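Single-structure report; data block below.
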Amino acid sequence: MKNNTTQIDNTLRSMGIELLNTMQLATLEANEKDKDIILLSPTGSGKTLAYLLPVLMSLKPDCQKVQALILAPSRELAQQIEQVWRSMGTGYKVNTCFGGRPSNGEKRDLATPPAVLIGTPGRLQDHIERANFEVSDIKVLVLDEFDKSLEMGFTEQMESIISRIPSLEKRMLTSATDAVSIPAFTGIRNPIKLDFSEKNNELKGLKTFSVKGKNNDKMDLLYQLLCYLGNDSTLIFCNQRETVEKASNYLTERRVKNEFFHGKLEQPDRERALSKFRNGSCTAFISTDLASRGLDIPEIKNIIHFDAPVRVDEFVHRNGRTARMEAEGSAFLLLTEKEELPEFVSPLPTILTLPALASMPPKPDWATVYIGKGKKDKLSKMDIVGFMFKKGLLAKDELGMVEVKEYYSFVAVKVSKVNALIKLVENEKIKNMKVRIELAE
């Protein structure tokens, strides 16, 4: 698989990228040596494009079967990889398969096999066992965020999938840490290892603080800290799903706009929460460690460890959500009166004393509007933008981020305009389709 300069140039032009970064260039160079590759790299570093370029170069235009398989530990990461592939403008078909939605639609999509198939291990194993697509022509396997897949208990599914693929020629594995040993079932032997992990790229712009309460209840401490931080985007980590929801309910009672996220949420609820955080409809996002990697979340100003992480790698992954690409960010550890810092926290954080009285965080400038049609209905981003300007009478600065999902869409609208907009479009059609349009609560 030799480097194809024209293919790369066309891809970068399609994506609006001028130059590949150091990691992406190193991956391309390693790919030319016809060896398996282990890429150690954090989320948000461009690793997806780094391995998708070698995938692209492996594809044969005359093959009408699945040629490359990419395993990801979460639905959101699988969708994110698909978005990057589509932005590359390759002309090759791609499909994504994951749990949390009916598999029949995926089966229909697989009837015309994609060149690249992306999915979570459980759902892909199910499709393979049901022979919904052929594996005989799969030459390239990517195990993205492999350490996370092991941590989430997908070992058995991954082993089953790999054992059924007879003709693999290239294996690529990405991981945020070098701490995991590579199991024999991956088939990886004598790989080229590229280390761009966070231990080699410390977050220079990160400042850490500890905030100690006067009792054993952290909820009010969290509220006080959010008041202190104002309306900067803040990602709050809890160790348990129950704590995530409890913290969200508490903040809602205090009239702080927030969204919560964990693995037991239904897919539409997960996508709605992420969209509202991405587009600025809320500035506080509460999650388990599921949000520490693999989610497409823009630059975040603050990380709050509501619960201290159990392991040092979790601490690193969480903090890695801020202070990226020369930006500055802050991480805050909340501690009860009798709680001590974990031993692995180094250097020691600055002690932050919160003011006794603080005003509530400002309300977000944006609200999210739900549209009950999406990609499957042939609805595009430009269709929605045109509709919002023409029928909703919005000015350009009153329309924010537009996200088109499979079966529905989310649109950010200035809070001051959202009620008037809902009334204006109440009985209007988009692309001749009657559609439900409402505030996304």
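So the values come out like this:
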{"quantity": "Residue list for region 44-53, restricted to those being in a loop (DSSP other than H, G, I, E, B) and charged (D, E, K, R)", "calculated": "none"}
{"quantity": "Criterion: in contact with a strand residue (DSSP E or B) (Cβ under 9 Å, 6 or more places away or on another chain), more than 30 Å from E151 (Cα to Cα) and of a type in the set (D, E, K, R) - qualifying residue of K423, K375", "calculated": "K375"}
{"quantity": "Members of region 277-316 found to be more than 14 Å from the chain's Cα centre (by Cα) and assigned to a helix (DSSP H, G or I), listed by number", "calculated": "V312, D313, E314, F315, V316"}
{"quantity": "Filter pass, K431 being without any contact (Cβ under 8 Å) to a residue 24 or more places away in the chain, basic (K, R) and over 10 Å from K373 (Cα atoms)", "calculated": "no"}
{"quantity": "Filter result for the condition that a residue is within 25 Å of the chain's Cα centre (by Cα), at positive phi and modelled with pLDDT of 90 or more, over K378, K373", "calculated": "K378"}
{"quantity": "Leading residue by the ranking (nearest to D36 (Cα to Cα)) among those in region 190-212 that are at pLDDT 90 or above and part of a loop (DSSP other than H, G, I, E, B)", "calculated": "P191"}
{"quantity": "Considering residues of region 23-39 that are among the aliphatic types (A, V, I, L, M), crowded, with 21+ Cβ neighbours inside 10 Å and out of contact with any Lys or Arg (no Cβ under 7 Å at 6 or more places or on another chain) only, the residue farthest from I300 (Cα to Cα)", "calculated": "A30"}
{"quantity": "Filter result (among the β-branched types (V, I, T) and outside any helix (DSSP H, G or I)) within region 68-112", "calculated": "I70, T90, V94, T96, T112"}
{"quantity": "Which listed residue, of K378, K373, is surrounded by fewer than 14 Cβ atoms within 10 Å (Cβ to Cβ) and within 30 Å of K434 (Cα to Cα)", "calculated": "K378"}
{"quantity": "Criterion (farther than 18 Å from Q79 by Cα, in the same structural domain as P166 (by TED's automatic domain parsing), surrounded by 18 or more Cβ atoms within 10 Å (Cβ to Cβ) and at pLDDT 95 or above) met by exactly one of I138, I118", "calculated": "I138"}
{"quantity": "Residue ID - modelled with the lowest pLDDT, chosen from residues in region 164-186 that are in contact with a strand residue (DSSP E or B) (Cβ under 6 Å, 6 or more places away or on another chain) and under 25 Å from L59 (Cβ atoms)", "calculated": "S175"}
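Residue-wise test of (1) under 19 Å from I162 (Cα atoms); (2) outside any helix (DSSP H, G or I).
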residue	(1), (2)
S14	no, no
E18	no, yes
M23	no, no
A26	no, no
K35	yes, yes
V55	yes, no
P61	no, yes
V66	yes, yes
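The values are calculated or read from the model by the stated rules, or taken from the named source; none is laboratory data. Values in this document were obtained by computation on a predicted structure and should not be read as measured data. No Cβ is skipped: glycine too gets one built from the backbone with ideal geometry, and neighbour counts run over all protein chains shown.
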